[in-house]
Amino acid sequence: MKNQRQANFLTIDEKELFQLAARLKAMPEPGFFEFETKKALQDFLASTGDDKDTAVTAESLPKQAGAATNGVRIIEGLARTAVLAELGAPDAPALILLADIDALPTPGAPGGIAHSCGHYAQAAVMASVFKALARSKVFRLSGMRLLFVGAPAEEYVELQRRMELKKAGELHFLSGKQELIRLGIFDKPCLVLKYHSMEDSAARELTVNGSLGGFMAKRAEFFGKPAHAGAHPEDGINALSAASLALQAIHAQRDSFRDEDHVKIHPILSEGGAVVNIIPAKAVIETYVRAWNQTAIADAAQKVDRSFRAGALALGAALRIFNTPGYQPFFPNPALGEILRKAALQFEAPDRIDFADRSNASDDIGDVACLVPTCQLGCSGFTGAIHSKDFEPSDPLRAYLRPAEILLRTAQLLLDNEGETARRIIKEFKPRFFKTEYLATVESMFSIQDFRIE
Ligand SMILES: [Zn+2]
Ligand SMILES: [Zn+2]
């Protein structure tokens, strides 16, 4: 790897990258509340150029005009905590370096929250790549725009709190990238690079152009009737029993799913009674309904609804189901992935790279990829199970420096010859949705259904 590094025309400032990673890791914050993280990243990015043009608001961004500048523009006021830094002519096609910035509520972690999905590493890596490119001739000669986007709230959790923010007019959609799509960040011609951390494995070091499943989210509230659990249980309606029957009914659906659709349903019972001597008057199930395609998601969602209703019907409980859109399945752009592949092969042996990864996890990068060419690098260098408090970098060179160097090399290949390859990929890309269709689709997935047993 060292020889490759020396041979490279562009370099990552290793010390600065490690410091930023350590700083961000130490301040895990939940989605749409990443205020300290935002400030740390803005400080880091603002030192990229000579002058900065701050406080460009969400309203002014799409109309933002002006000549090319060598100074970085820090764009404020989007999706509560989004971090955007831009270089180059505002109307030029853009190379977008996209990173998640949120942490995850994690049992057993100090304060109950940790970077157990490694998003801090993404942010540090992409910000370092941004700086390295900003210093480079290849970027200046490309005539392209460079945009760092730190997206809030990738983890689709704490939905009730986000629904409150939505009600208060702070948000419209419930994830960071969905909000940034709505606000126009991906409206102009662009292509997107992203990276995600992975656990160490004997099978592979990297994934290139891996794809992901999609999902939607459900919350079912069962309403019974309280009663003294010892003296008069016959006067109550047990909401917990309704919910537990519903869980059994969901499990009973599993052999009706096709293997190739990779349906995953993983409910939790997040409320099941107040105190032990009162018949539970309310119980709540939350679940995702995941699959590799929207048809399978819709089919499974209908079966889950039927299961909720079966539980409520058996006990005579009332039922309210809240549906929220999750994320689109992620299909990376093959042409962009080919460039990422070329870059990755300069740093790892082919038999250590998985070029056909297909995960059942999801990410709102799937939504972005419906609209603009997008690809993702997966990079090991972490120990412990992802989404657990034990997910920690095992080796900073592999966890941080290696993805930064691969992505920098990818950017260089895209931007060489006045951005010839980047411009070609943008031109040839066929979106799966136009933005208006996309927005209408996501909007239509918010719904509430009530069932009452007469
Ligand atoms: Zn995650
Ligand atoms: Zn993640």
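At most 14 other Cβ atoms within 10 Å and a DSSP loop assignment: could you name the trypsin sites (Lys or Arg not before Pro) in the stretch 370-454 that fit? For trypsin sites (Lys or Arg not before Pro) across the stretch 370-454 that sit outside H, G, I, E and B with at most 14 neighbouring Cβ atoms in 10 Å, the list reads Arg432, Arg452. Seen from Glu348, the other residues with C-beta closer than 13 Å to its C-beta sum to a net charge of +3, counting Lys and Arg as +1 and Asp and Glu as -1. Taking the centroid of alpha carbons for each part, the stretch 75-103 and the stretch 394-436 are 15 Å apart. One decimal place: the segment Arg352-Lys39 gains 109.0 nm when fully extended, by the rule 0.36 nm per residue minus the C-alpha distance. The value for the stretch 107-251 of Rg(Cα) / (2.2 N^0.38 Å) is 1.59. For Glu405, Glu199, what ranking results if the residue with the fewest other Cβ atoms within 10 Å of its Cβ goes first? Lowest count first: Glu199, Glu405.
Among the trypsin sites (Lys or Arg not before Pro) found in the stretch 90-144, those both in a DSSP coil and sparsely packed, with 16 or fewer other Cβ atoms within 10 Å of their Cβ, are Arg135. Simple spin-label model, 7 Å along Cα-to-Cβ: Val275 to Thr436 in nm? Result: 5.8 nm between the two label points.
If R0 is 22 Å, the Cβ-Cβ spacing of Asp255 and Ala361 corresponds to a FRET efficiency of close to 0.40.
Its alpha carbons give the stretch 214-326 an Rg and a Dmax of 15.1, 52 Å.
Built from the Cα atoms of the chain, the convex hull projects on average onto 22.6 nm², one quarter of its surface area. Averaged over residues, the count of other Cβ atoms within 10 Å places the peptides 221-231, 207-217 in the sequence 207-217, 221-231, highest first.
Inter-label distance, Glu420 to Gln248: 6.8 nm, where each label sits 7 Å from its Cα along the C-beta direction.
Peptides 270-278, 186-194, 12-20 ranked from most to least packed, by the mean per-residue count of other Cβ atoms within 10 Å: 186-194, 12-20, 270-278.
Can you sort Thr324, Thr37 by how many other beta carbons sit within 10 Å, fewest first?
The fewest-first ordering by Cβ neighbours comes to Thr324, Thr37.
Please work out the FRET efficiency for the pair Ala89 and Ala298, using the Cβ-Cβ distance as r and a Förster radius of 45 Å; give the result to the nearest 0.05. About 0.55, to the nearest 0.05. Of all DSSP-defined beta bridges confined to the chain, some 65% are antiparallel rather than parallel. The angle between the Cα long axis of helix 14-25 and the longest principal axis of the Cα atoms of the chain comes to about 20 degrees, rounded to the nearest 10.
Only the coordinates and a few stated rules stand behind these numbers; no lab work does. Computed from a predicted structure; not experimentally measured. Cβ atoms come from the backbone with ideal geometry, glycine included; neighbour counts cover every protein chain shown.
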